[in-house]
Amino acid sequence: MESFTGGRLPPDDVVVAALRAGDEAMFATLLDTWSRGMLWLARSHVSTNDSAEEVVQDTWLAVIKGIDGFEGRSSVKTWIYRILVNTARKRGVRENRTVPWSSVFEQERPTVDRSSFQGVDDPLPGHWKYLPAIWPTPAPEGELLAAEVRVRIGAALAELPPRQRTVITLRDVEGCTSEEVCEILDISAANQRVLLHRARAAVREQLEDYFETARRSA
Amino acid sequence: MKRFSCDELVELVTAFLENDLDESTRSRFEEHLVGCEGCEHYLSQFRTTVDALGTLRVETPGAPRHEGLPGDEGLSRATRDRLMSAFRDRRTA
Ligand SMILES: [Zn+2]
């Protein structure tokens, strides 16, 4: 939970009380802390950056309107993200950009290229043909990931189907728990896991490509 | 009990990391891992991937920018001002 709330914001009851009391500094802090992540997420559902900004704006307006009625059954951030996702989906429908969220059926193809494994005529069918490489040790805690790696990950995320992208963004980038993601997106735990796994596998594949190229040119 | 092959194991990595495997599947997973360097490497690559994604988190004020990622600039000045004044006006509304 620490990571999800950013570690710097006060507990939810304090945040809610401050907002209800009209504390502008608190509202500004939330805006500045969460809006970038919200824009990023909104962008998976709508077709332009301007649209995404409007989605985020409408979300905050709904928060302003709804804060007195907030019942605290979820965390403040989960509540806000639910509003965000619903607003973004409606907007996406209007822009004809929406993938049917209710349908669970991602392609059933394997997440790792079949050619990485031995075939039926090989000695150990289904086992690795080429051993996955050992990647360089990740940068020490706090140190920034190589800019190039971040760009690769950004590109990989951009190519994901929207549902996978939303789930992996909430889970691995934003640091939500699986329960929170299920609540925000109204999906089952099993569905969440499938989407997350496919998305992670796709990002891993991009990184493998990156490390392989780096190794060859070294 | 049937042993996993590597191509089966790779599909269970997230379920394994989420602690969602039932006990017997989990122990088969772990048994395979002990004897298979390839899957051990794969799992480690997967973990590195998840860690790397976490470094993209943009919510910390003053966090490093990620050029080219949507949302990187944050809200425009105009939108932010509009929202601040909507918040201010809410008590009188
Ligand atoms: Zn294996």
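The values are calculated or read from the model by the stated rules, or taken from the named source; none is laboratory data. The structure displayed is predicted, hence computed values, not measured ones. A quick note on method: Cβ atoms are made from the backbone with ideal geometry, for glycine too, and the neighbour counts reach across all protein chains shown. With ligands, DNA and RNA removed, areas are computed over all heavy atoms of the protein, side chains included. Shrake-Rupley method; radii C 1.70, N 1.55, O 1.52, S 1.80 Å.
When the stretch B:12-29 is filtered for residues that are within 12 Å of the ligand (Cβ to nearest atom) and of a type outside the set (Phe, Trp, Tyr), the ones remaining, listed by number, are B:LEU12, B:VAL13, B:ARG28.
Among the criteria (1) at pLDDT 90 or above; (2) within 7 Å of chain B (Cβ to nearest Cβ); (3) open to solvent by 10 Å² or more (accessible area, probe 1.4 Å), the one A:ARG36 does not fulfil is (1). Scanning the stretch A:158-165 for any residue that is at pLDDT 90 or above and at the interface with another protein chain (Cβ under 8 Å from one of its Cβ atoms) turns up nothing.
So that you can scan it fast, the table gives a plain yes or no per residue for (1) acidic (Asp, Glu); (2) within 24 Å of B:ARG90 (Cα to Cα); (3) surrounded by fewer than 21 Cβ atoms within 10 Å (Cβ to Cβ); (4) at the interface with chain B (Cβ under 7 Å from one of its Cβ atoms):
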{"site": "A:LEU9", "(1), (2), (3), (4)": "no, yes, yes, no"}
{"site": "A:LEU19", "(1), (2), (3), (4)": "no, yes, no, no"}
{"site": "A:GLU24", "(1), (2), (3), (4)": "yes, yes, yes, yes"}
{"site": "A:ALA28", "(1), (2), (3), (4)": "no, yes, yes, yes"}
{"site": "A:SER51", "(1), (2), (3), (4)": "no, no, yes, no"}
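Looking at the structure I just gave you, is B:LEU75 within 16 Å of A:THR33 (Cα to Cα) and modelled with pLDDT of 85 or more? Against the criterion (within 16 Å of A:THR33 (Cα to Cα) and modelled with pLDDT of 85 or more), B:LEU75 qualifies. Quick one: in the stretch B:30-53, of everything that is within 15 Å of the ligand (Cβ to nearest atom) and among the aliphatic types (A, V, I, L, M), which residue is farthest from B:LEU9 (Cα to Cα)? Of everything passing the filter in the stretch B:30-53, B:VAL34 is farthest from B:LEU9 (Cα to Cα).
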